[in-house]
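Taking it in order: structure first as structure tokens, then the write-up.
The values are calculated or read from the model by the stated rules, or taken from the named source; none is laboratory data. Just so it is clear, the structure is predicted and the values come from calculations on it, not from any experiment. No Cβ is skipped: glycine too gets one built from the backbone with ideal geometry, and neighbour counts run over all protein chains shown.
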């Protein structure tokens, strides 16, 4: 597990109308919680709290942001909020549903449907070398239908990889954990490290944001299909490009 610089909100914490049950996952950009809404339904709540810009200690609810990071933090929060607003307009069975988004504790939260199942990455690890063509056609055809809906709304995913393709019990896929806001923040704030996954990130992920487009997501889909067959990610795009340039000399 990655080192966690920020403390999660505690179990039982009341966040607006939602009660935090436990932490589901963490990353350098956010923390995701399992929570319960007023009707008793379980939801997933994603909290914007980038480790490189903010710090929250044990027993605290609000992050502490230093003066030299406040501009970048607020800009990222705006990107995160606007992405949530855009995703809330999407309604597709293969794209995670955003139910609500709000500001609290000096940051932003996205409330999403809580799906039961496992990630494609977990499926790959369990069935290495034994994933059928039928399974892949079923998963990626539906997943691409969802991605087409995303692109038709002028949105990009920008973090397509097996761990961000969730499989329900019947193996229907759901796209989760969009990375467009993270990529925007990393591109516009030089003090931040690039936020992409080597092997699944397209060549243009390593350049400026203006080079990114729907084609970047399609590259990552191909890399995810490769991982299903090979059991591991392909070589990172920047390394493969270096090798190609060397061979052409």
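The table that follows gives values for the structure above.
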item: Residue selected from region 28-49 under the condition in a loop (DSSP other than H, G, I, E, B) and either buried (at least 17 other Cβ atoms within 10 Å of the Cβ) or touching a strand residue (DSSP E or B) at 6+ places or on another chain (Cβ under 7 Å) (or both), by the criterion modelled with the highest pLDDT; result: 37
item: Count - residues of region 61-78 that are part of a loop (DSSP other than H, G, I, E, B) and within 17 Å of residue 103 (Cβ to Cβ); result: 4
item: Residues within region 86-134 that are surrounded by fewer than 13 Cβ atoms within 10 Å (Cβ to Cβ), over 14 Å from residue 48 (Cα atoms), without any contact (Cβ under 8 Å) to a residue 40 or more places away in the chain and not assigned by TED's automatic domain parsing to the domain that holds residue 162, tallied; result: 1
item: Checking residue 58 against (1) surrounded by 15 or more Cβ atoms within 10 Å (Cβ to Cβ); (2) modelled with pLDDT under 95, the condition it does not meet; result: (1)
item: Residues within region 78-118 that are at pLDDT 90 or above and under 22 Å from residue 23 (Cβ atoms), tallied; result: 23
item: Unmet criterion (only one of (1) in a helix (DSSP H, G or I); (2) in contact with a strand residue (DSSP E or B) (Cβ under 7 Å, 6 or more places away or on another chain); (3) in contact (Cβ under 8 Å) with a residue 24 or more places away in the chain) for residue 82; result: (2)
